[in-house]
Amino acid sequence: MKRSHRPAPKKQGTKQAASKKPPERTSKRDRAAEASSGAPRGTPAERAARPLREDLVLQACLEAYGSVRHEGRLSDRALDFTLRRKAHLYSNERRAVAERVYALLRRQRTVDWLLGRVRPGFDRLETTRQDVMRLATSRILHGEPLEEVVRTSSLPAEDSAALAALPRAAGELEALPLAKRFPIAASLPDFLAVKFQEAFGDEATQAAEAMNERAPLTARVNLLKGDRAELQRRLAAEGVASTPTPLSPLGLWLETRINVFSLQCFKDGLLELQDEGSQLLGMLVDSPPTRVVDACAGAGGKTLQLAAQMKNRGDLHALDVDEVRIEELRKRARRAGVHNVRTQLIPSEGPAADEALVALKDKADRVMVDAPCSGTGTYRRKPDGRYRLTPEELKEHAARQKTLLERFSTMVKPGGRLIYGTCSVLREENEAVIEDFLSRHPDFTVRPVSQELGAELGEKVSRGPFLRLAPHTHNTDGFFGAILVRAK
Ligand SMILES: C[S@@+](CC[C@H](N)C(=O)[O-])C[C@H]1O[C@@H](n2cnc3c(N)ncnc32)[C@H](O)[C@@H]1O
């Protein structure tokens, strides 16, 4: 099968990290699975090598995938929901379920196209039978041997025979002209494929390929509780190898098979899980220890970073319209030892939304607007997002981003800065929003991000004056960031 329809091998970890193999420990999950299955206890190494019980894995994959594809659930929630009810699965089986479901979601359109070629009447098959074939095809696309996939997929003979013809269908896809091939090979809806081509030009294929790979597991060190080297030592003591991220000085790629949330380091607030690109966006706020507003704080990913950059001093106002996220932020702040945050639940629109900001009008040194967006930069982690987004929603995102930037800019004091960011790779949510704002606000000017990040790092992560990150160029999620300075 051609390389272009197959993700690259996983990128987590390095040789160096792998050679210092940490002690393994038994996960709670494995103890629960052992208790419920009556299986003999093994050493951690034996457990890791235990063959998958393919029938159980397939059943769980079908449940989780089916609830995303046919019931519209979000992928992370569907997996969480399914796996919570499968206490009898060992951790290697749970991992296989998550990996297979995500892998299929990343390649769903490609898989359906190929199956339409190799299995006459595929569209008319019963749904579960289709999904079994989809899961099998995705595994083959990801490099598993045909015989092994057929042996473990409980397929009728004619469906197994169809899978053998996949290399021919992949060749047919490869032979299509680019305009037809790209949306299918990239597994993007047509309108998004066009947007990706506009955003990345000649690099669109590469960009989409990288967007369809698995993201590294990335942590940010909480500088309020120690530095990166110290965190690495603490992680190693808990059996987790890590590698410093190449761009963010705050990040570590974690190599672990166990749940990070169960680590003592995590419980003690030494780290947060946060993509390297998100860390770089947070670094655009230089956070002098005075008054900083995180206007779309959500559950506080950036808020906690800003608090650490402010050394827990000054006033950090975290605003959001979502009460559940704000509550999560409060919990995380307590764990991280953050004391300078004040949270505020604000109305989402209308005069009340403007009134809620009156007390901060012209008062903030820095205002961060990490705007709600299409999430087109995060498809490595949320692969199903692409199948939900519509052209109308994209327009709504851009319109809301303009409104929010306008509204929150009123809090910036003369000489202060407005920092705008998204996890979108699309121009209409990024540069176009900034251009629109500047056209109505001649008192604001763009400050190149390299002035904030330093010339060397700035050059690596910017396009023009803006932060511009993408998986194929930086191995981060896709992010945009801009710094605007208000005249004194
Ligand atoms: C990209 S997320 C923020 C992520 C967060 N900054 C972080 O780093 O974890 C965008 C946030 O904007 C919030 N939001 C949506 N509409 C808003 C509004 N009108 N005013 C303020 N926040 C809003 C959403 O609830 C969501 O939490």
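Just so you know, all these numbers are worked out from the coordinates, no wet-lab data involved. All of these numbers come straight from a predicted model, not from anything done at the bench. Cβ atoms come from the backbone with ideal geometry, glycine included; neighbour counts cover every protein chain shown.
Our helix-only sum for the chain, with -39,500 (n - 2.57) per DSSP H run of n ≥ 4 divided by its residues, gives a mean residue ellipticity at 222 nm of -14000 deg cm²/dmol.
Full extension of the segment from Arg427 to His70, taken as 0.36 nm per residue of separation minus the current Cα-Cα distance, would add 125.4 nm.
Students often get this wrong, so check it: of Lys225/Lys331; Lys195/Lys488; Lys361/Lys382; Lys363/Lys402, which have C-alpha atoms separated by over 27 Å? Listed pairs above 27 Å: Lys195/Lys488; Lys361/Lys382. Fewest-first ordering of Leu394, Leu438, Leu250 by other beta carbons within 10 Å of each residue's beta carbon gives Leu438, Leu394, Leu250. Taking amide H positions as modeled 1.01 Å from N, with prolines and chain starts lacking one, no residue 5 or more places away or on another chain lies under 5 Å from Leu176.
Between the amide H of Arg463 and those of Arg468, distances stay under 5 Å, these residues lying 5 or more places away or on another chain, with hydrogens modeled in the peptide plane. Dipole size of the chain about its Cα centre, with +1 on Lys/Arg Cβ and -1 on Asp/Glu Cβ: approximately 1380 debye, rounded to the nearest 20.
Each residue of segment 192-202 is assigned a 3J(HN,Hα), and the resulting list reads 6, 4, 4, 4, 5, 5, 5, 6, 10, x, 4 Hz, derived from the Karplus form 6.51 cos²θ - 1.76 cosθ + 1.60 (θ = phi - 60°), x at Gly and Pro.
Dipole of the chain computed with +1 at Lys/Arg Cβ and -1 at Asp/Glu Cβ about the Cα centre; of Phe437, Ala241, Ala308, farthest Cα towards the positive end is Ala241. For Ser154 and Glu396, FRET efficiency with R0 = 45 Å and r from the beta-carbon atoms, rounded to 0.05? E between Glu396 and Ser154, to the nearest 0.05, is 0.55.
The modelled label-to-label distance for the pair Ser439/Leu176, using points 7 Å beyond Cα in the direction of Cβ, is 3.6 nm. Rounded to the nearest Hz, the phi-derived 3J(HN,Hα) couplings of segment 157-163 under the Karplus curve 6.51 cos²θ - 1.76 cosθ + 1.60 (θ = phi - 60°) are 4, 5, 6, 4, 4, 4, 4, where x marks glycine and proline.
Annotation: amide H-H contacts under 5 Å for Asp315 (H modelled 1.01 Å from N, sequence separation of 5 or more, or interchain): Thr290, Arg291, Val292. Ranked by how many other Cβ atoms sit within 10 Å of their own Cβ, fewest first, the residues Ile258, Ile483, Ile419 fall in the order Ile258, Ile483, Ile419. Applying the Karplus relation 6.51 cos²θ - 1.76 cosθ + 1.60 with θ = phi - 60° to segment 254-259 yields 3J(HN,Hα) values of 9, 10, 8, 9, 9, 5 Hz, where x marks Gly and Pro. For Asp370, Asp354, Asp365, Asp123, the sequence from fewest to most other C-beta atoms within 10 Å is Asp123, Asp354, Asp365, Asp370.
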